[in-house]
Amino acid sequence: MELSEMKAAHKELARLDYEPVKVKGGYAGRTLYVNLTENRIEIKPVTDYMKETFTGGKGFDLYLMWKALPGPIAWDDPQNEICISCGPLGGSPAYSGTSKSIITGISPTTGSVMDSNVGGHFGPLLKFAGFDALELQGKAKEDVLVIIDGKLNRVTLETAPHEEVNSYDLAEQLHHMYADSHEELQCVSVISAGRGADHTLIGCLNSSFYDFKRQLPRLKQAGRGGLGTVFRNKKLKGLVAKALNNRPRWEISVGRP
């Protein structure tokens with residue numbers, strides 16, 4: 001099936017158009033909340049208390065979970081969250097490793113909150129799209145995508161009936177589906193889990209970046225805690241982050257053919 005046909009088969013379940021913001025002092029000043037049960041998308045403010053006490057990355061993830069969870073719950077409870085943040089240095093060229101993100105949720109393997117860090121470009125592109133963290137709660141009825149488009153300043157929750165589940169194939173499809181040009185392939189990142197996470201408690205999450213030299217998306221893994229299993233239990237097929245504005249000039253030139 002052609003990518004245009006796959007995209008045309010999506011059904012939009014929720015949509016949020018938002019005002020763009022500039023990243024200042026390492027923060028966009030907002031977090032994004034998506035409830036997969038209620039088909040609801042919200043923007044929440046980042047307070048000075050959050051920045052001063054929890055700083056970012058793991059701190060933001062734990063703060064958002066602390067505020068959202070009702071108490072001790074099972075990993076497959078719809079109220080369990082997956083939170084993703086990259087902290088105030090995320091996407092900065094001044095330090096190595098700043099493309100990394102922290103992904104947090106209640107683990108199927110331990111029953112406690114577990115975090116796992118991962119490379120790829122998702123965290124920085126999420127920030128450049130206008131959000132310091134992403135908070136996913138609830139459970140969809142069928143396989144869905146969350147698309148965070150910083151070019152259109154729009155977040156959508158959509159059904160995805162025809163895209164592949166396995167991560168290499170899905171990343172290839174979604175990079176080309178949401179890039180409007182060859183150069184924009186590096187402006188897209190995808191998080192996914194794959195079929196293995198449907199059948200184990202130790203499923204990994206995969207975060208993509210586009211490698212112009214190899215002409216394909218490559219994947220980095222968040223392997224601790226089985227958070228890919230949580231992801232697939234929520235009927236998430238993939239997350240897409242895309243951003244053009246707010247990107248530092250250095251990133252535009254990295255890896256160009």
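Of all residues in the range 82-100, those satisfying the criterion of being buried (at least 24 other Cβ atoms within 10 Å of the Cβ) and farther than 14 Å from GLY26 by Cβ are ILE82, CYS83, ILE84. For VAL155, the criteria (1) among the β-branched types (Val, Ile, Thr); (2) within 19 Å of ALA193 (Cα to Cα); (3) touching a residue at least 60 places away in the same chain (Cβ under 8 Å) hold in every case but one, which is (2). Of everything in the range 35-65 that is at pLDDT 95 or above and touching an Asp or Glu at 6+ places or on another chain (Cβ under 7 Å), the residue that is farthest from THR98 (Cα to Cα) is MET65.
Residue-wise test of (1) crowded, with 24+ Cβ neighbours inside 10 Å; (2) under 24 Å from ILE102 (Cβ atoms).
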{"position": "LYS151", "(1), (2)": "no, no"}
{"position": "THR159", "(1), (2)": "no, no"}
{"position": "GLU163", "(1), (2)": "no, no"}
{"position": "MET177", "(1), (2)": "no, no"}
{"position": "SER189", "(1), (2)": "yes, yes"}
{"position": "LEU201", "(1), (2)": "no, yes"}
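If you go through the range 34-67 and pick out every residue that is of a type in the set (Asp, Glu), surrounded by 15 or more Cβ atoms within 10 Å (Cβ to Cβ) and out of contact with any strand residue (DSSP E or B) (no Cβ under 9 Å at 6 or more places or on another chain), you end up with 0.
Just a yes or no: is a residue in the range 9-25 hydroxyl-bearing (Ser, Thr, Tyr), at pLDDT 95 or above and not in a loop (DSSP other than H, G, I, E, B)? No, because not a single residue in the range 9-25 is hydroxyl-bearing (Ser, Thr, Tyr), at pLDDT 95 or above and not in a loop (DSSP other than H, G, I, E, B). Only one of the numbered conditions (1) of a type in the set (D, E, K, R); (2) out of contact with any Phe, Trp or Tyr (no Cβ under 6 Å at 6 or more places or on another chain); (3) surrounded by 21 or more Cβ atoms within 10 Å (Cβ to Cβ) is not met by ASP115, and that is (3). Scanning the range 26-54 for residues that are in contact (Cβ under 8 Å) with a residue 24 or more places away in the chain, of a type in the set (Asp, Glu) and over 20 Å from PHE122 (Cα atoms) yields one hit, GLU38. Taken over the range 166-214, the criterion of being in contact (Cβ under 8 Å) with a residue 40 or more places away in the chain, charged (D, E, K, R) and under 19 Å from GLU2 (Cα atoms) is satisfied by GLU172 alone.
Checking each residue in the range 214-233 for being modelled with pLDDT of 95 or more, in a loop (DSSP other than H, G, I, E, B) and surrounded by fewer than 18 Cβ atoms within 10 Å (Cβ to Cβ) picks out no residue at all.
Set side by side, the residues ASN166, ASN206 differ, and just one is out of contact with any strand residue (DSSP E or B) (no Cβ under 7 Å at 6 or more places or on another chain) and closer than 25 Å to TRP75 by Cα, which is ASN166.
The values are calculated or read from the model by the stated rules, or taken from the named source; none is laboratory data. Computed from a prediction, not measured in an experiment: that's the story for all the values here. In this analysis, Cβ positions are derived from the backbone assuming ideal geometry, glycine residues included, and neighbour counts consider all displayed protein chains.
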